[in-house]
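Here is the structure we will look at, set down as structure tokens.
Here, each number is a calculation from the coordinates, and none is a lab measurement. In this text the structure is predicted, and so the values were computed from the model without any measurement. Please note: Cβ atoms are built from the backbone with ideal geometry, for glycine as well, and neighbour counts cover all protein chains shown.
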Amino acid sequence: MWTIPNILTSLRVLLIPVFVVVFFLDWKWAHETAAFIFWLAAITDWFDGYLARRLGQSTAFGAFFDPVADKLIVGAALLMIIHHYDTVWITICAILLMSREIFVSALREWMAESGKSAEVRVSLMGKAKTMAQMLALIGLVSGLEVFMGVPIYWVTLGKILLAFATVLSVWSMIDYLRAAWKHLVAG
């Protein structure tokens, strides 16, 4: 159970309270530090999957816990940006993103119980959604538009990527539903 990939996944979960507390600290660099913590967690997500395959350390625990860890830290970040930006469109994007995650997780679980999990495997569009979502959240959590006097527009880019991730999210949810539909409506 305690393989390197599972330790990285566990680290990602342990970083969640640190990430949240740092974000809300009354400190000049709190948001930037929280964005770095979120980035670190996102990198561990890539590394744990890579190492599990590369080292032959895939486990049932890892297959279960990795997506849970992802959803927990992304859910925390989405709630934090809803609170921080307090705008309707960021709230709508966050609700759509979280709703899609719950829907697709339930759909995958049902398909797995039906022996049809291969039909709702992670797609390239789902991976693109995840990448756009992670980059969006890093930008929005950081709150950076200017760094050391240089315009970098992280927040602006984050808002654009959040909208893009939301479109990909809904689109991929429809694709997963389409792939599973014949099994959902069968007898």
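Annotations
- In terms of other Cβ atoms within 10 Å, Asp86, Asp26, Asp175 run from fewest to most in the order Asp26, Asp86, Asp175.
- GNM remark for the chain: springs join alpha carbons under 10 Å apart, and the peak mean-square fluctuation among Leu124, Leu168, Leu107 falls on Leu124.
- For the chain, complete DSSP H runs whose alpha carbons reach 30 Å or more along their own long axis and whose mean Kyte-Doolittle score is -0.5 or higher are 30-54, 60-85, 88-113, 154-184.
- Both radii were evaluated on the Cα set of region 4-184; the Rg over Rh quotient, with Rh as the Kirkwood radius, amounts to 0.99.
- Positive-end ranking of Val120, Ile160, Gly139 along the dipole of region 4-184, with charges on Cβ about the Cα centre, is headed by Val120.
- Cα-derived Rg over Rh, computed across region 1-97 with Rh taken as Kirkwood radius: 1.05
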